[in-house]
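Data first, discussion second: the structure below is written as structure tokens.
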Amino acid sequence: MRIDLHIHSTASDGTLSPAEILSLAQQLKLGAISITDHDTVHGSKEALSVGIPPSLKFLTGVEISASAPLSFPCLGSLHILGYAIRVDDTILNQTLDLLQKARANRNPQIIERLNNFGIHLSLKDVINNAGQCQLGRPHIAQFMMKKGFVESIDEAFDRYLGKGKPAYVDKYRVECAKAIQIIKNAGGIPVLAHPCLIRPSLNQPIENLIITLKSMGLKGIEAYYPKHSPDLTKHYTEIANRHGLLITGGTDFHGSIKPEIEMGFGKGDFFVPYSVYKRLINATKRC
């Protein structure tokens, strides 16, 4: 039985509501899922309020944007996944509210920079096109494609919205030690998301970062990820085993924003076994 522990809903930058995600997970016969929206637990809250189907196991989740430790500078963010968190935890919600405000303040600056480059979009039009969700760069890219300024979302990021590109605006991030501690204090399991996407500035091996994060309280690595080759999955699994860390995995499903990625299946050949969920659950019982 396959699982998917990395899913985004309309509470962040996905295109399916939590209720639609639950329904689709049932249709696909997934054994367990987690909704891990960017810097918000509203997706998990909504899924719980809708009601989890008896045939499906569900873990509350979040994906927090964090800054890299000073000893391991990186381009962009580290993302720390939090599993089995108490979604009503006060400190967690206060921190996520701060991150949400930073995201909201970032979007007008991105639109202004695009306008300066002759790409005339309004924030209101982007919001109307995106619907009820946490607006972010993928939604801006999607609207740019709809208006014919680019041919794909990837082109929008490669030419304008990606790190170091003309319309890129940096964002506020939580210190990684703080992100890990907040997740733990909310009863959760902190896990390093998609290590293949981390870009060390000083060409250090990723294992050095993982050792540092473990000293801060990290409990796992997302070894199963659609962009990980079999060799990379094996590599991250070996690192996890060497350092006594859990292994997790998920598709990073976003719906139509990333249409090539199917929930639970990735690009078709992706598989995270149910045993990963069982080990994660057993770890939460020991916390």
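The values are calculated or read from the model by the stated rules, or taken from the named source; none is laboratory data. All values derive from a computational prediction rather than experimental measurement. Heads up, the Cβs are rebuilt from the backbone with ideal geometry, glycines too, and the neighbour counts pull from every protein chain shown.
Can you name every residue in the stretch 47-91 that is among the hydroxyl-bearing types (Ser, Thr, Tyr), within 24 Å of Arg173 (Cβ to Cβ) and not in a loop (DSSP other than H, G, I, E, B)? Selection gives Thr60, Ser65, Ser67, Tyr83, Thr90.
Based on this model, can you work out whether Val41 counts as assigned by TED's automatic domain parsing to the domain that holds Gly250, surrounded by 24 or more Cβ atoms within 10 Å (Cβ to Cβ), more than 22 Å from Val126 (Cβ to Cβ) and touching a helix residue (DSSP H, G or I) at 6+ places or on another chain (Cβ under 8 Å)? Against the criterion (assigned by TED's automatic domain parsing to the domain that holds Gly250, surrounded by 24 or more Cβ atoms within 10 Å (Cβ to Cβ), more than 22 Å from Val126 (Cβ to Cβ) and touching a helix residue (DSSP H, G or I) at 6+ places or on another chain (Cβ under 8 Å)), Val41 qualifies.
If we keep just the residues of the stretch 212-238 that are more than 21 Å from Thr284 (Cα to Cα) and touching a residue at least 12 places away in the same chain (Cβ under 8 Å), which is surrounded by the most Cβ atoms within 10 Å (Cβ to Cβ)? Step by step, filter the stretch 212-238, then rank; the result is Tyr236. The numbered conditions (1) assigned by TED's automatic domain parsing to the domain that holds Arg106; (2) not in a loop (DSSP other than H, G, I, E, B) are all true for Phe149 except (2). Scan the stretch 88-118 for residues that are within 17 Å of Ala66 (Cβ to Cβ) and hydrophobic (A, V, I, L, M, F, W, C) and the total you get is 6. Within the stretch 112-131, the set of residues being assigned to a helix (DSSP H, G or I) and over 23 Å from the mean Cα position of the chain (by Cα) comprises Glu112, Arg113, Leu114, Asn115, Asn116, Leu123, Lys124, Asp125, Asn128. For Ile80, are the conditions met, namely being under 21 Å from Ser17 (Cα atoms) and buried (at least 20 other Cβ atoms within 10 Å of the Cβ)? No, not satisfied.
It is to be established whether one or more residues within the stretch 101-109 are within 24 Å of the chain's Cα centre (by Cα), surrounded by 18 or more Cβ atoms within 10 Å (Cβ to Cβ), among the aliphatic types (A, V, I, L, M) and not assigned by TED's automatic domain parsing to the domain that holds Gly255. Checked against the condition, which is being within 24 Å of the chain's Cα centre (by Cα), surrounded by 18 or more Cβ atoms within 10 Å (Cβ to Cβ), among the aliphatic types (A, V, I, L, M) and not assigned by TED's automatic domain parsing to the domain that holds Gly255, the stretch 101-109 yields no hits at all.
Is it the case that the stretch 188-200 has a residue that's of a type in the set (A, V, I, L, M), assigned to a loop (DSSP other than H, G, I, E, B), surrounded by 20 or more Cβ atoms within 10 Å (Cβ to Cβ) and out of contact with any strand residue (DSSP E or B) (no Cβ under 9 Å at 6 or more places or on another chain)?
Looking through the stretch 188-200, none of the residues is of a type in the set (A, V, I, L, M), assigned to a loop (DSSP other than H, G, I, E, B), surrounded by 20 or more Cβ atoms within 10 Å (Cβ to Cβ) and out of contact with any strand residue (DSSP E or B) (no Cβ under 9 Å at 6 or more places or on another chain).
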